[in-house]
Amino acid sequence: MANTPTADDRVREEAKPVTDQIHEQSWSANLEHPEHADDRELVVDQAINAIEHTASGYHVNLVTHEAHGHPSEYLYDELAEAFDTAELEWEHVDQCGCGGHVVRVHVH
């Protein structure tokens, strides 16, 4: 049954959106919830959503779950594919004490 939702589909549907407003200030997107640990695609999708909801001239700190390792291994290529890289600039800021990572994305 190809149309039967999987457990991952249900988790993704039940996950709270990272934001529902345009941020005209710098802010942080928490992508460290339990549902993020189990679903790298959810982390990527919500990271892209967070960037789309950040006004030009500001940045968003993407705080990613430790379960996926360093963001350069899975997130950077996805961002480059989703956005015009002339519009964005990202940098790895630090690894949190909890093991997650902070990637700061500047929106130009």
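The values are calculated or read from the model by the stated rules, or taken from the named source; none is laboratory data. Please read all numbers here as calculations on a predicted model, not as lab measurements. Cβ sites come from the backbone with ideal geometry, for glycine too, and all protein chains shown count toward neighbours.
Can you name the residue in region 52-108 that is within 14 Å of Glu32 (Cβ to Cβ), polar (S, T, N, Q) and out of contact with any Ser or Thr (no Cβ under 7 Å at 6 or more places or on another chain) and, of all such residues, is modelled with the lowest pLDDT?
Top of the filtered list is Gln95.
Pairs, please: C-beta under 9 Å, at least 6 apart or cross-chain, first residue of a type in the set (Gly, Ala, Ser) and in region 55-77, second part of a loop (DSSP other than H, G, I, E, B) and buried (at least 20 other Cβ atoms within 10 Å of the Cβ)?
Within 9 Å, the pairs are Ala67/Gly100.
If you scan region 86-108, which residues turn out to be part of a loop (DSSP other than H, G, I, E, B), out of contact with any Asp or Glu (no Cβ under 8 Å at 6 or more places or on another chain) and loosely packed, with under 11 Cβ neighbours inside 10 Å?
Within region 86-108, Ala86, Gly97 meet the criteria.
Within region 7-47, restricting attention to residues that are more than 23 Å from Cys98 (Cα to Cα), of a type outside the set (S, T, N, Q) and modelled with pLDDT of 95 or more, which residue is surrounded by the most Cβ atoms within 10 Å (Cβ to Cβ)?
Ranking the qualifying residues of region 7-47, first place goes to His23.
I'd like the full set of residues that are more than 13 Å from Ile51 (Cβ to Cβ), charged (D, E, K, R) and touching a strand residue (DSSP E or B) at 6+ places or on another chain (Cβ under 7 Å), limited to region 62-92.
Scanning region 62-92 gives a single hit, Glu91.
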